[in-house]
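Encoded as structure tokens, the structure appears first; notes follow it.
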Amino acid sequence: MKKIFYAILATASLMTAVSCENWLTTNPSSSVSDSQVFLSLKGSQAALNGCYNLLAFSYGGGGRPDTQGWVAQILANDVDGEDIIVNGGWYGYDYNMWGHQRGDIFKSSALWFYYYNIINNLNSIIAYTPQIEGVTEAEIAGVMGEAYAMRGWCYFNLAQYYQHTYVLAHERNMPGVPIYTEPTTDQTEGKGRGTIDETYDQIISDLGNAEKYLAGYSRSAKNHFDQSVAQGLLARVYLVMNDWEKAADYASKARAGYPLTSAEDWDAGFNNIDTRSWMWGMMVDAEHTLEANGDYGPFSMWTNYITRDGGDFWSFNCFYLNDKFAELFSADDIRGKQIWWKEDVGLHCSNKFYDTSDLTGDFVFMRSDEMLLIEAEAKAHQGDDATAASLLNELRALRNATPTQTIGSSLLEEIVTERRKELYGEGFAWFDIIRLQKGITRDGNHSNFGGKTPVPARSWRFVYQIPTNEINNNPNINSTYWPNGDQNPFGDVSICLE
Amino acid sequence: MKKFILGILAVVLFSVAASAQTRTLTGSVKSAADGSPLVGATLQDKATGQFAITDLDSNFKITVSEKSTSLLVMNLGFRDYNATIGKSDVLNIALEPDALMLDETMVIAYGQGKKTSFTGSASVVKKEDLQKIATSNVTQALQGLSAGVQVINNSGQPGDSGSITIRGIGSMNASSSPLYVVDGVAYSGYINAIAPSDIESMTVLKDASATALYGSRAANGVIVITTKKGQNENGKVSFRATVGFASLAVPLPRQLSPNEFAQVTWRSLYNANIDSGMSPEEAGAQAAIVTPNEIKILPWATRNIIDANGNPLVTDKDLLWYGDWRHETMRSRPRQEYNVDFSGKKGETNYFFSAGYLNDKGIFTTQEFDRISGRSNVSTKVKPWLEVGSNTSFSHSVTDSPAGDSVVWFLRTVPTVNSIYQYDYNTGAYAKDGAGNYIYNYGLDNAGWAGWNVLADAAYNNNKSTADQISTRNYIDAQIIPGLNFRSTISIDYYISKYDSYASAEYGYTAGEGGNAYKSYDRNVATTWTNLLTFNRAFGQHNLGILLGQESYMRDVTGLSASRKGFPFAGLTELSSAATSVDSSSYTDKYRLLSFFSRLEYDYADKYYVSASLRSDATSRFSPQSRWGMFWSAGASWRINNEDFLKDVRWIDNLKLKASYGAVGNDGLNSWYCYQGLYATGYNDLNNAGVVISRLPNNGLKWETNLQLNVGIDFALFRKLTGSVEFFDRKSKDLLFTMPMAPSTGFGGVDRNIGDVSNYGVEVNLDYAVFNNQNFQWNMNFNLTHYENVITSLPQAEINADVFKWREGQSRYNFWGAKYAGVNPANGNDQYWRNIFDTDEDGKRVIVDRVLTESTADVTSDEQKQYLGSSLPDVFGGFTNNFRFYGIDLSVMLYYSIGGLLYDTDYSQMVNYRTGFSLHPDALSKTWTPENPNAELPRLNKNAQDTFSDKYLYNNSFLRLRNVTLGYTLPRKALDKMHMDQLRFFVQGDNLLTFGSAAKRGTDPEQSVSGTTSNRFPTTKNVTFGVQVTF
């Protein structure tokens, strides 16, 4: 008995004692090995889809609703401008010009990592997709084109956030942002800022590649890039670079096939990606509603009861319109008619943005009307007032607004103001103010809500500092202020670029 | 126990050999302290070597020879006694309790050993001490009881564990928590599933010699929890019941009244206006206009609440409502615990069965921890050579509505102008719904508070975690030849934890989408199979012990979660009732360890002890090339008092020198697949599945090794004072370290084996028996720990880690920031020291001077910052006094922590104005105003800029009256009449008093090792009444 017992035990322990490397090798169930991803087009497309997810939902490490995805940046870009009053909520920090551009505040590093995280994912796609075997060139071109377009978009936004506008920076040969085009390994060292020209070369090269690769390509959905969107981005880039000819040219190419936003569409609440004038946007489904994921979804910022029927949905009543901005609309302008006075708080509200009844309202990132305004602005700069005015009036007619009669600089001013009236809430205010070197003047009732602080043109407050954690861990970027070093100066609002 | 068995054997053997010329003595052995009978005491006739053991009634019968003069009487926990044999054949012996307990056995790795022969460092905490604290998680009770063990009880959430650090933080990015071993096997369950009343002892193993046999996971020390087993031939029933009440140990700061809130708002706006260039008159008038807009909804009938000079125009008498949130949410509710156990020994079978029920309601509205637990521990000898045993526990626990950080943040910063219920200005009363109930105010119109009402959330929403756990240890132990044993143990820790949340379909933020429900199930199975071969034999004065072992550990966790929204009816919370799917996911993860180990122990003549161990481990966390690690230890001790030259020094009862050195491992990175390059799934583009890069490949990653040195002395003097002093030095090699990368690479960092960190220090433990009479006993325990943390090697010159800067030669917990220079009395602004630089002869930039600046922008660059001091305390420990006077026992324990800084953001968030958020009373009394120019805090300012400095760094020395226990045990005579062994009534109070600067600010001093706060739900003060019955 005893012997049998020992025999069994001895055998059993021997079995475990046989070291089994297979037994010791475990794999995760919710991740996939990097070596598996680029074996097929499907894998490469999945990696690309991941980038669109990051574009839509990544926090960049900020962890706050006002840094979640491009939509949050759109809202912040607007409240940083002149036309919106923020009364409470996360975006108050931006609105009050509290100093969120500082490198040691969460926002600078959240924006920074948001883009560079996407860029690193794109770099792998761009490096490994051409090596996939057994697929057609056209299939590869689609993935490559989208990846190039998104990378160009990332660098373009970085350039606008982390440096003065191109024209100023180019004249002074100022630094750009670090450029990475290869996938990061554990040996990758942080790169230096280079020059703004190098950054814009990269942007134009990426978007140019995208335009080339995406010729004839049909995207899977409107939240992806296609050739029109790449051209639209190029129009934006050339507008910033003051290359009026190319800006007008690309704006016109980009909106081909997209009608302007109709009066009916204008009143529909800006929540449907199928709107015919929308060139690029982001749809939302029940699983990804930004309203329900945490609090403070984008639509709930607006003081308008969120959905048309109101129901039990909450608006957080944060975003109002400045009284001076509300006065810009002519009497019959359908856009002005959406603005109403809320008696109890004594502020103007806007009904431009309404969510759908199931909180799955979509978001617009680019539409034909913006392209038309780029074209008009560029034509006016080129001295072609007739075309510029007729383009502007084409839009005004749809909005039931008074047609323009002006020429020259007044016309240009009207076009720029039209951008505010047409595009408010869509993320253009901040970049436009920087591009136009206008400074921020907040008149009217801003002063009752702590938003009065004026920012002079060319103030360093228009430029985010390079995040402290980048400087600390990147041997090629130092913390000394430009022009002696790499860091963007930060100081009082009045400190400006000479 | 062992003594007992040997004794029985001896009796059998010697009684056969008994010769003539004898007489028989009878009698009994009792405790001199309380007269209780001592079962199993041994009596030895020194002349003949005859043994006897007392029976169940403590009686004995022993045959002695004519030559015999005395009997040596021994019992564990009592002093040895020489009973003189007189003429009488009846001997009634009383033994004095031994306050020193030198010969106590203790639990060591894979077995038991005598305290005196132990070469390592360990401290034992017994059940009596653990039971003094009314906690639902036994780790909290360890505080102050063991030198070298830093316990931070930073949660008042019922069932939460304390944060335990043994001899400092030896790891940077890998885990720094100790390994828990329950009944000999590494534990992978919930600590709060173990009923504290089931615990016999907790042993903290601190050095390499003690922990080496758990070496692959023991780098941060080991806490061995040993549960009770049956010992008493009589059989015993114990019952213990307690009922208690809790409140916050350190109350939150007082709430500002609505009037005071209007004043701080006005003042903040006024100062911001002054800064934007307004004249004082303009600034005051403007602030008076804006103040009601800032607050938005006012609890007064007028919006004209403050004048241009900041004087209130309304009084608290005019209030329409007063949002007394604290009062409504924080209620003392009872904590009840009942435990019963049945234990004993029948022949070769030991048994212990227990059942327990705990209901701990905490102090925050619906917060609750509820536990039902049971245990059965049985062991028996099936054959003379074969022993089997099984120790299995079950627990079912429910954690309901825990109050998270956001709730505490809410309670600290919600202003009293926010009404709890919706107010109807028309009726001048709270609004009511159709059913006549008040309607909660979700702060939709209160500035900054849209969606917030913790009372409404508690009332309408569910948030419940349930854990069902079975933990079982099963062994067979076979004796191959005497001294050579084989033992095989299979242990399983199994639990299913279920999380259930529901946000209302009718009320609050989620009403709009028809409510939502989220459910998750996680299943954890950890299986350990241990095989041990042990050989123990004495060769004359030489004792030899050899252990060979093999162990495999596998842990599989799987999870499933889903959420849906859109419930058509109130009261339904199951997913199938909801309209729309929001999310669903599942995962499976696996962790494996394979180990081979050995230990050699040798001692000679109770004087010289050596032990050595060697082990090899493989982990699934590292790549096949680097997954095996080798760990070892060596230790020695010398009992000097057993040497001839000290044998006659009567006042030295014990004197032992000991030293050990060894290497233990750590693979505890936050990922189970840390060497693999990975893409995370689940990132879809709203149509199709997507993946994103989540980890860089890293094949070279290997075990982190902790090299631990321990040198100590144990002593016992005058039969009164015992103690130990130990020095330790823990050095980490191949530290698992997240090497930071520039974020522009797309990665924050990559794990590497780089850098070294060292923790060294000293521990002192003293026990002093002041009085030890039959009717009055007074014992003191004092312990003290001091340790330093030093980074000895880094992969780069410095690493910024949040508010710390890591450099070689510095502590990882040394704060780094701007130097605050106080408030400028002239204008109330913050001032900082700004360094002035110049270039010296060598062309180096050096600080030549420092000047005051009021601009934070001047001091945000790194060269303007400096080390501000460490969060680690200089010393900490406990001081306990135990008294026993007749049947009354009293225990008073103090816990102290001296030095160390706390960065108190719980406080700073309440002295800086933000629209809509309430402030600390100090914001009124301690901030700068022209009338209060020497204020401690700067003027309130809506647009104030701040930067990290030592402004809110406070010395966090504190003293806590950790526990007072007062008990009364009925005398023996009374108990005998009631047929009871013990009946004790007691009352105990935990955390009754707290002294120190943090408590004055309304911040609990126990926050975190790193000295940072995060609106934690702080620890509680408990008063508990109880009764303990044994029969």
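Derivation of every value follows stated rules applied to the coordinates shown; laboratory data play no part. These figures come from a predicted structure and were not determined experimentally. Positions of Cβ are generated from backbone atoms using ideal geometry, with glycine treated the same way; all protein chains shown enter the neighbour counts.
Figures for the structure shown
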read-out: Distant-in-sequence amide H partners of B:Leu91 (H built 1.01 Å from N, under 5 Å); value: B:Thr26, B:Gly27, B:Ser28
read-out: Cut-off 15 Å, label 7 Å out along Cα→Cβ of B:Ile372, residues of the stretch B:438-478 by amide N; value: B:466-470
read-out: Relative contact order %, chain B, counting alpha carbon pairs below 8 Å whose residues are six or more apart; value: 11
read-out: Calculated from backbone phi, Karplus (6.51, -1.76, 1.60) coupling profile of the stretch B:666-680 in Hz, x at Gly/Pro; value: 8, 10, x, 6, 6, 10, 7, 10, 6, 8, 8, x, 10, 10, 7
read-out: Estimated FRET transfer efficiency when R0 is 56 angstrom, pair A:Thr480-B:Ala579 (beta carbons, to 0.05); value: 0.45
read-out: Relative packing of A:419-429, A:308-318, which averages over residues the other C-beta atoms within 10 Å, highest first; value: A:419-429, A:308-318
read-out: Averaged over A:176-185, number of beta-carbon atoms from partner chains that fall within 10 Å; value: 3
read-out: Over chain A, relative contact order from alpha-carbon pairs under 8 Å, at least 6 apart, %; value: 18
read-out: Distance between modelled label sites at A:Ser390 and A:Ser262, nm, 7 Å Cα→Cβ extension; value: 2.4
read-out: Mean residue ellipticity (222 nm) of chain A, computed from DSSP H runs ≥ 4 via -39,500 (n - 2.57), nearest 500; value: -14000 deg cm²/dmol
read-out: Nearest 10 degrees, 0 to 90: helix B:2-17 Cα axis against chain B principal axis; value: 10
read-out: Principal axis box of the stretch A:284-350, alpha-carbon based, largest edge first, Å; value: 41, 24, 20
read-out: Nonlocal amide H pairs with A:Val463, under 5 Å, H built at 1.01 Å; value: none
read-out: Footprinting exposure proxy for B:His920, B:His786 (fewest neighbouring C-beta atoms within 10 Å first); value: B:His786, B:His920
read-out: The protein assembly as shown shape via C-alpha gyration tensor axes, a/c threshold 1.5; value: prolate
read-out: Kirkwood Rh, angstrom, chain B [1 / mean 1/r, Cα pairs]; value: 32.6
read-out: Paramagnetic reach from A:Leu436 in the stretch A:387-402 [backbone N under 17 Å; point 7 Å along Cα→Cβ]; value: A:388-389, A:392-393, A:396
read-out: Whole-Å semi-axes of chain A's equivalent ellipsoid (Cα gyration tensor); value: 44, 27, 25
read-out: Using θ = phi - 60° and Karplus 6.51 cos²θ - 1.76 cosθ + 1.60, couplings along the stretch B:691-705 (whole Hz; Gly, Pro as x); value: 10, 9, 5, 10, 8, 7, x, 7, 6, x, 4, 9, 4, 7, 10
read-out: Pairs of Lys in the stretch B:530-677 closer than 20 Å at Cα, counting only those 8 or more apart or on different chains; value: 5
read-out: Peptide A:44-57, shielding by other chains (average Cβ, 10 Å cutoff); value: 6
read-out: Inter-probe distance in nm under a simple model that places probes 7 Å from Cα toward Cβ, at A:Gln131 and B:Thr302; value: 7.8
read-out: Efficiency of FRET between B:Trp628 and B:Val237 - r from beta-carbon atoms, R0 51 angstrom, step 0.05; value: 0.50
read-out: Value at 222 nm in deg cm²/dmol, rounded to 500, when DSSP H runs of n ≥ 4 in chain B each add -39,500 (n - 2.57); value: -2500 deg cm²/dmol
read-out: Efficiency of FRET between B:Val610 and B:Met980 - r from beta-carbon atoms, R0 60 angstrom, step 0.05; value: 0.80
